[in-house]
Amino acid sequence: MPANYKKKPRVAVNIELYIQSGIVESYALGLATPLEVAEFEQLLPHFPELREVLSDFEYHLELFAIDNEEPPPPGIQEKIEARLREIQAVPRITHSNGRQYRRRQSGEYIPIETSSPYVIMVHKAWRTWFIVFCILSKITLGLSIYYFLEYRHARRQIQQLEEQLGKREGAGAASAGEGGSKRRGWGEIG
């Protein structure tokens with residue numbers, strides 16, 4: 001038995017009934033289901049009459065299309081060419097990575113490249129503004145941390161001064177209570 005020999009399917013098929021079912025037309029027009037297509041293509045090499053009917057149908061379908069074709073309306077070719085001339089020619093730029101990009105007019109949106117989830121191509125002006133924003137953000141963060149530390153240091157000094165003042169007032173009240181020396185103010189003569 002040769003290597004390229006294919007056996008006929010073991011299923012008994014009445015090929016005339018199969019052809020009359022309309023499967024050939026459905027297959028040729030692309031209306032058959034995937035299961036019907038698989039079945040038809042499996043039977044096609046084993047039944048020459050099936051191939052012949054398919055070829056005849058395709059031929060008659062082509063003749064029908066030729067006989068019933070309608071020419072396009074007059075002047076349509078000129079209208080298409082005129083619209084093509086109206087479209088502005090857009091130069092293409094080849095990027096360093098080998099891809100071609102259309103030169104953008106000012107105010108256009110920038111297409112986002114999807115080749116990598118971490119890379120987005122933007123216009124140079126936006127890149128500059130983004131860098132300026134990052135630098136200003138870092139300066140603001142640094143100043144915020146500096147002033148927070150200064151504020152915390154000032155609060156500690158205020159607390160220490162309040163404690164010292166509290167100790168002095170407490171010591172002065174204790175000495176006044178003994179009846180001994182009086183506290184002398186600026187205007188008093190001793």
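The values are calculated or read from the model by the stated rules, or taken from the named source; none is laboratory data. Because the structure is a prediction, the values reported are computed rather than measured. Cβ coordinates were reconstructed from backbone atoms using ideal geometry, including for glycine residues, and neighbour counts include every protein chain displayed.
Some observations on this one:
- The residues on offer are G179, G172, and the sole one that is surrounded by 10 or more Cβ atoms within 10 Å (Cβ to Cβ) and modelled with pLDDT under 80 is G172.
- Taking region 106-153 as the range and being surrounded by 10 or more Cβ atoms within 10 Å (Cβ to Cβ), modelled with pLDDT of 60 or more and not in a helix (DSSP H, G or I) as the test, the residues that pass are I120, M121, V122, H123.
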